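S.K.: Pasting in a structure now, in structure tokens, and then I'll have a few things to ask.
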Amino acid sequence: RTEVGGLRSKLQYGLDTLASAGEDIARLQIDLREKEPRLVETQKEVELTMQQIAIDKKDAAVTQEQVQRQEADAAAKAAECKEIRDSAQSELDRALPMLDAAVECLRELNKTHIDEVRNFKKPPSGVILTMEAACIFLKSKLKLKIVMKADASGMKTKPDYWETAQKYLLKQPKLLLETLKTYDRSNIPDKVIEQIQPYITREDFSVKKVESASVACRAICMWCHAMYQFHHVNKAVQPKRIRLKAAEDDLETVMVALNEARESMRQVEERLQGLTEKFEALVAESESL
């Protein structure tokens, strides 16, 4: 009887276990039916995401190639700008030391030096030449009315720059020195340079010759020579300035396109990163399902 009771107990336990397993299987079947559509959907999403990632990777490669090409163009254009700029500056540097020395000499002048020149009763040749050159340079700037006098024949008139200088330039030492210091050296009219050229080539208009006649005129003479030289160097550099401006405009255009390409690249990479993260999440969900 005891043995039969034990068998009955074991049988009942087996039946209960089967019943429980049946319930679990029923629940799993229901769960499977519920999850199967999501599994199918997830697998489709995985496939579509993989396809989109492949497309975006191709787009990224194309954009990256475009960025690299434009970066190379920008680097080449920047190098061209630097070369032109350095070449122009190198030429200007030849004239600037002389100009700086002349300006420094002007700083050392004062009213007393100018008055000494003005008080010459019979000015030396170097003084007269210097004042003539100064009047030619400053005529337009100070709106000088050049004094005209009859020539030796009495038939024609010619400019008397010494009297003009006494009347306008030497009478206002402060204005004269300030005008010389602030003169627009980059825009000297060609007509002025043509008038000055004969003075520059004269032996008696050298700084050394003029220096023996007047301290003030030495500085002004040096200034005239420096302005003449700077004008020619500046004029020679002008074509390079035009080339530089064109190159800088091209560089600006290239940089705009490059920045746009870089922004496109950033957006593609950002989208690709988002798709990669989505893909990994979908794969994890699919494996879980």
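The values are calculated or read from the model by the stated rules, or taken from the named source; none is laboratory data. Please read all numbers here as calculations on a predicted model, not as lab measurements. Counting neighbours? That spans all protein chains shown, and the Cβs are built from the backbone with ideal geometry, glycine included. Quick note on the areas: whole protein, heavy atoms, side chains included, nothing else; ligands and nucleic acids left out. Shrake-Rupley method; radii C 1.70, N 1.55, O 1.52, S 1.80 Å.
S.K.: Got at least one residue in segment 123-133 being over 27 Å from HIS232 (Cα atoms), at pLDDT 85 or above and in contact with a helix residue (DSSP H, G or I) (Cβ under 8 Å, 6 or more places away or on another chain)?
M.R.: Within segment 123-133, one or more residues are over 27 Å from HIS232 (Cα atoms), at pLDDT 85 or above and in contact with a helix residue (DSSP H, G or I) (Cβ under 8 Å, 6 or more places away or on another chain).
S.K.: Here is a follow-up. Mind checking which residues of segment 126-169 are charged (D, E, K, R) and more than 23 Å from HIS225 (Cβ to Cβ)?
M.R.: Residues satisfying the conditions are LYS143, LYS145, LYS149, ASP151, LYS156, LYS158, ASP160, GLU163, LYS167.
S.K.: Residues in segment 58-88 that are more than 30 Å from LYS245 (Cβ to Cβ) and surrounded by 14 or more Cβ atoms within 10 Å (Cβ to Cβ): how many?
M.R.: Of the residues in that region, 4 qualify.
S.K.: Filtering segment 139-192 down to residues that are among the basic types (Lys, Arg) and in a loop (DSSP other than H, G, I, E, B), which residue is nearest to ASN234 (Cα to Cα)?
M.R.: Across segment 139-192, the extreme among qualifying residues is LYS143.
S.K.: Among residues belonging to segment 207-239 that are in contact with a Gly (Cβ under 9 Å, 6 or more places away or on another chain) and either in a helix (DSSP H, G or I) or open to solvent by 40 Å² or more (accessible area, probe 1.4 Å) (or both), point out the one that is farthest from ARG85 (Cα to Cα).
M.R.: SER212
S.K.: Can I ask one more? Can you pull out every residue in segment 139-176 that is under 20 Å from VAL192 (Cα atoms), surrounded by fewer than 21 Cβ atoms within 10 Å (Cβ to Cβ) and among the aliphatic types (A, V, I, L, M)?
M.R.: Matches in segment 139-176: LEU142, LEU144, ILE146, VAL147, MET148.
S.K.: Tell me the residue from ALA95, ALA152, ALA101, ALA165 that is closer than 15 Å to ALA213 by Cβ and hydrophobic (A, V, I, L, M, F, W, C), please.
M.R.: That would be ALA165, the only listed residue that is closer than 15 Å to ALA213 by Cβ and hydrophobic (A, V, I, L, M, F, W, C).
S.K.: Filter segment 246-260 down to residues that are touching a residue at least 12 places away in the same chain (Cβ under 8 Å) and among the hydrophobic types (A, V, I, L, M, F, W, C) and give me whichever is most open to solvent (accessible area, probe 1.4 Å).
M.R.: My answer is MET255.
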